[in-house]
Every structure is written in C-alpha cells, then in structure tokens.
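Read the structure below first, then the notes.
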Amino acid sequence: MESFAERSTKVLYDLILKISTIVRQEQSGFTIYFHNFSRFDGIILLKHLACHHKNYKLKPLMRNHRLYELAVYSNKKFLFRFRDSLNLLPGKLSSLAKNLCPSLGQKGSIPYDEITQSNLVIQKRSLLDYMKQDILLLGGLMQKAQDIYWKVYKVDIESQITQKSLALSIFRMKYYDSSNWPIHIPNKNEDSFIRRAYYGGHTDTYKPYGTDLYYYDVNSLYPFVMKEYPMPGGKPVWHGHLEGMDLDSMFGFIEAYVVCPKTIKKAFLPYRDKNKTLIFPTGEFLGVYYSEELKYARDLGYTVLPISGYLFDKMESPFRHFVSSLYESRQEAKKEGNEAMSYVYKILMNSLY
C-alpha cells in the first residue's frame, strides 16, 4: 500500500479483526480500555468502525461531547466494548503507574514535535517499544485496581464506567443508612429549579502578578465539608411566597432578588447573563442560590430578598462515616508506605460529591 492513510486503515482493521477472533475463541465479550479514550482514541475507532466494519452494530454512549463507551454487536450478540480507563483512574498514566504498579517501570516519552510521516520508519523500534510499555502499564494498572477494589469492597471495576459511579456504588453498599437518612430523588420540577443554583467555580484573577507570595493547599477540603456541614435532607417543600420569612430560618434553594453594593470589590454571588456567561456582578439581579450562600452574601453587605424556593430539613451529613472511614484508612496506608491503597482511598473520597 503506497498511501499512509491506507496503511493506517489496515492497522486499525487488523486490530478489530484480532479482537473479534479472540472473542470467538473465548466465547465471551470483552472490555478493552484506552487511557483518554473519550477524547482521542475513541473518536478514531468510532469513525473506523462505522466506515469499515458495517457488518457490526455500534452503540456509543456519549454525554457532554465525551465518548464514555463504544459497544460492538453482531446482530444482537454483544462482542466487545471500548472504555476510557481515565474515567475510572483519573490522572496521568505515568503518575498512576508510579503509585499503583511501580515494579512495571516508568512510562516512556516521545518527542512528538520531531516525528513526521517521513521519519516514522526510522523511529519504528523506539515507537513500538514506547507503545508496548504503555500497554504493559495500563494492563498492570487495571489489574491492580481491580484486585484492590474487589478485595476491599467486593466491587468489580468493570461493572462501573466512571470513578464517580464506583464511589456512589460503594457508598450505597457500605455506608448509606436509608432508614435514618433517606436521600430524596427530586422530581422534574424540583430538579430543574435546584440546578439553577449550580453555577460552577469563581476563577477570576484579581492580582495576576505578585512577589514574595505564599501558596496554600487545603487538605481534603471537599470531604471535610461533606463530613462536617449539615446537608439538605428530607423531602423538599415548595414555598411560593417567602417575602415575610426570616432568611436565617430557611435551609434549601431559594430564588431571591439581590443587590450587591458597588463598594464590594470582590463580588461573591454569581449570575448568568442573557448569553449564559457566568459573571460576578455588582448591582441588582435575580437568581437561585443555596440558602447558606445567601446568608454569607448578606453578611458581606448584600441586600437579599427571598421570593420563593424549596426548603429542606437541616440534617447531619449522611457522609460522615464514609469520609471518616476512608480518611482513616488512607492515613494508615500512608504510614505503611502503601501508595496504591493511599491513592485508592483518596480518589474515592474526592469522587463521591
């Protein structure tokens, strides 16, 4: 084959053919992991399968422009599926290998800027060695992670697509007390209203330059808040007229009329303008916020006039035991020098929220 495109297609074609052969020999479906499949390898494979393997039926699972899974069927029979290991084990492959399977060696590197189509053949050996080491590390990572999660929690990581769903599954099995702390599943109206209070982070830069600066990191900030702060519990109750109620008596998600004085230099409450751009303005605006954010804004000098909203019971966090147990286990793993277990406990703690 003279063209580079034809040779590339042949490589992918042979890959799919090899996988299909193994599936037939083993008579069982397989899950195949790529690190960063969602945004890179998955796009290439989806296009190749759609164009060159039309005898297969494809079922891609996409959300927010990310390809989480690509399942391949022959008629109605499941053959194999591709998934992203990055969704289960967040982090760079080099860092993960260092923590979970250091005995397999380090991840190599490629001078991407120096590689061209014309010098691929010259660098063939080094490129193949690089890819083999990558495959070895990823296989070792997945086996190590599967072994850890099964031994500690009796959960097979292949049963979950993301680290977040894995953390939620473990919470439900081992830590969730449904009798004392039932978590209400909101209906469509409740969900739509509460989501209006989700804005994202405040990332403005007020001082782009400084000297003699100190940098601080908060240890396990999200797990700490999940453990120590009260949470909205029970079934939410809609209040259409909150004008006469005291803000301090409210706990939930509230639509409010807000006035931010121009004297406040670092505005606190976010707002989405007509173009859906997130800003932190001064002046008058209307928005939906968590009650505790409104109370904090009021103490900063804002004027806050509640209008309507869903109010919850103010309850002790249902995540106390989950966070305490994992944090203690992580500290113990650190003392023992077990980097693999320390990583697993840390990532579980930071994934549940």
Among 228-236, 86-94, how do they line up by average Cβ neighbours within 10 Å per residue, starting with the highest? 86-94, 228-236
Charges only on Cβ, +1 for Lys and Arg, -1 for Asp and Glu: so what's the dipole of the chain about the Cα centre, in debye to the nearest 20? 1240
Please calculate how many Å² of accessible area region 214-353 carries per residue, with a 1.4 Å probe and no DNA, RNA or ligand atoms counted. 59
To test your reading of the geometry: what angle, between 0 and 90 degrees and rounded to tens, separates the Cα axis of helix 4-26 from the longest principal axis of the chain? 90
I'd like the FRET efficiency for residue 336 and residue 183, computed as 1/(1 + (r/R0)^6) with the beta carbon distance as r and R0 of 45 Å, rounded to 0.05. 0.85
Report in % the part of the accessible area of the chain that belongs to carbon and sulfur, leaving out ligands and nucleic acids; probe 1.4 Å. 54
Counting other Cβ atoms within 10 Å, keep those with at most 15, restrict to DSSP loop, and tell me which GluC sites (Glu not before Pro) in region 1-58 are left. 2
To the nearest Å, what is the center-to-center distance of region 190-236 and region 268-299, using C-alpha atoms only? 14
The extension gain from residue 113 to residue 126, computed as 0.36 nm times the residue separation minus the Cα-Cα distance, is 3.2 nm
Pick out, in residue order, every one of the trypsin sites (Lys or Arg not before Pro) in region 260-353 that is DSSP loop and has at most 10 other C-beta atoms within 10 Å; say none if there are none. 262, 265, 266, 274, 276
Points 7 angstrom from Cα along the Cβ direction at residue 28 and residue 320: gap in nanometres? 4.3
Would you please give the FRET efficiency between residue 245 and residue 296, computed as 1/(1 + (r/R0)^6) with r the Cβ-Cβ distance and R0 = 22 Å, to the nearest 0.05? 0.75
Dipole of region 1-111, Cα-centred, from +1 at each Lys and Arg C-beta and -1 at each Asp and Glu C-beta, to the nearest 20 debye? 340
Taking a ≥ b ≥ c as the square roots of the eigenvalues of the Cα gyration tensor of region 199-353, is the shape rounded (a/c under 1.5), prolate (a/b larger than b/c) or oblate? oblate
Out-of-range pairs (alpha-carbon distance over 28 Å; input 59/346; 47/188; 227/335): 59/346; 47/188
Most to least packed among 301-313, 69-81 [average Cβ atoms within 10 Å]: 301-313, 69-81
Excluding ligands, DNA and RNA, what is the solvent-accessible area per residue of region 60-115 at a probe of 1.4 Å, expressed in Å²? 61
For region 1-70, rounded, prolate or oblate, judged on the Cα gyration tensor with a ≥ b ≥ c (square roots of eigenvalues), a/c < 1.5 rounded, else prolate if a/b > b/c? oblate
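The values are calculated or read from the model by the stated rules, or taken from the named source; none is laboratory data. Predicted model, so just to flag it, every value in this text is computed and none were measured. Counting neighbours? That spans all protein chains shown, and the Cβs are built from the backbone with ideal geometry, glycine included. Protein only, heavy atoms only, side chains kept; ligands, DNA and RNA dropped before computing areas. Shrake-Rupley method; radii C 1.70, N 1.55, O 1.52, S 1.80 Å.
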